[in-house]
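Working notes for the structure below.
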Amino acid sequence: VINATLIRQNADNSNVEETQAYQKRLSDVKKQIKRSVFMEQKLNEKVTTQRLRKAYDDYVDKQGTRQETRARHILVDKKKTAEEIIAKLNDGAAFARLAKEYSTGPSSGRGGDLGYFTKDDMVKSFAEAAFNVAPGKYTKQPVKTKFGWHVIKVEDRRKQEPASFDEIRSTLASQERREALNAMLDKWRK
């Protein structure tokens, strides 16, 4: 702060504003400000609340209400090991304890808890198995993925509602401004 104050004081007491270098930079900055304010005005004319509401409605139509599943899993290298774990679960063993003991996945420390996810969040075979098991149940056969063999227990299932307009307004505004800018530039090019 002190350095900035000293520089400002000395610059204010100089004749730098009369130099050609100062005048050139001032001219360049004025041009930049002019372009920036012009584009801001144009984009503000295009990106209205009505347009944002339409973009939100499109988002809701596309997003819809999606199912989420909360599951735990135990990841192992061999199918035989996964089958042994299923046998222990059938005998009443606690899933979280077996996950901590056997799982090679990063969620093992949390008892295999993966939290909530949608079908699109997981690899296909894992997602299909998880979404076909009722809450409170586990897969009766090991599930193969590129990561290894899984035993999956579904804890809960819920519907994921689309985000509210206020929650994603800034994201929608950024997308709409980008689209409006591209449309204006295309029109001007033509």
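The values are calculated or read from the model by the stated rules, or taken from the named source; none is laboratory data. These numbers were taken from a predicted model, which means no experiment stands behind them. A quick note on method: Cβ atoms are made from the backbone with ideal geometry, for glycine too, and the neighbour counts reach across all protein chains shown. The area values use the complete protein model at the heavy-atom level, side chains included, leaving out ligands, DNA and RNA. Shrake-Rupley method; radii C 1.70, N 1.55, O 1.52, S 1.80 Å.
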For segment 1-22, give me the residue count where each residue is open to solvent by 90 Å² or more (accessible area, probe 1.4 Å) and assigned to a helix (DSSP H, G or I). 9
Residue list for segment 40-67, restricted to those being under 21 Å from the mean Cα position of the chain (by Cα) and assigned to a loop (DSSP other than H, G, I, E, B): G64, T65
Considering residues that are touching a residue at least 24 places away in the same chain (Cβ under 8 Å), within 30 Å of M184 (Cα to Cα) and among the aliphatic types (A, V, I, L, M), the number found within segment 37-95 is 6
Inter-residue pairs, beta-carbon under 8 Å, first without any contact (Cβ under 8 Å) to a residue 24 or more places away in the chain and in segment 1-16, second surrounded by 10 or more Cβ atoms within 10 Å (Cβ to Cβ), 6+ apart: V16/Y22
In this structure, is R72 on the phi < 0 side of the Ramachandran plot and under 31 Å from the mean Cα position of the chain (by Cα)? yes
Those residues of segment 106-134 which are of a type in the set (S, T, N, Q) and either in contact with a Phe, Trp or Tyr (Cβ under 7 Å, 6 or more places away or on another chain) or surrounded by fewer than 13 Cβ atoms within 10 Å (Cβ to Cβ) (or both) amount to N132
Pick out the one residue from E161, E179 that is of a type in the set (D, E), more than 19 Å from A96 (Cβ to Cβ) and in contact (Cβ under 8 Å) with a residue 12 or more places away in the chain. E161
Of (1) open to solvent by less than 60 Å² (accessible area, probe 1.4 Å); (2) more than 18 Å from T65 (Cα to Cα), K140 fails just (1)
